[in-house]
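Input: a single structure, listed below in structure tokens.
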Amino acid sequence: MVRARVLGAVLALGVGTAPAGAEIKDYQIARMLNLRTDCQLHALRRVAPKPGEAERFVGECGNATFYPDGIDIACPEPDDEWSCTVETEKKSFPNLDLLRRPQ
């Protein structure tokens with residue numbers, strides 16, 4: 001009987017009937033960048049997407065060697081952090097290997 005009253009009160013108040021507004025948090029993107037890239041994230045900002053576009057982030061890297069202009073992240077699904085991908089290609093310097101002494 002008590003359970004029915006509680007359930008009735010919850011339904012009457014409308015608790016649990018509104019959809020939750022899930023969104024990707026900044027710390028989730030920062031964690032992704034720190035674990036998957038050589039960026040050494042210094043600052044992160046959210047970019048307002050145009051209608052129909054993926055949610056976007058722009059990161060400023062402390063190590064500007066690999067990402068001198070920052071790093072762009074796109075999240076096509078606004079409530080799933082696993083859908084986020086890094087769009088900026090990491091810079092590489094293959095010619096520096098020529099300076100090494102043969103061992």
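The values are calculated or read from the model by the stated rules, or taken from the named source; none is laboratory data. Quick caveat, the model's predicted, so the values are computed rather than measured. With ideal geometry, Cβ positions are generated from the backbone for all residues, glycine too; neighbour counts draw on all protein chains shown. For accessibility, only protein heavy atoms count, side chains too; no ligands or nucleic acids. Shrake-Rupley method; radii C 1.70, N 1.55, O 1.52, S 1.80 Å.
Per-structure values
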| quantity | calculated |
| --- | --- |
| Hypothetical label at residue 47: residues of segment 67-93 whose amide nitrogen lies under 18 Å (7 Å Cα-Cβ projection) | 67-78, 83-91 |
| Directionally averaged shadow of segment 33-103, computed from the convex hull of its alpha-carbon atoms, nm² | 6.3 |
| Gained length - residue 89 relative to residue 40, 0.36 nm times residue gap less alpha-carbon distance | 16.1 nm |
| Protein-only accessible surface order, largest first, of 31, 101 at 1.4 Å | 101, 31 |
| Relative contact order of segment 22-103, pairs being alpha-carbon contacts under 8 Å that are 6 or more residues apart, as % | 23 |
| Kirkwood hydrodynamic radius of segment 19-62, Cα pairs, Å | 11.6 |
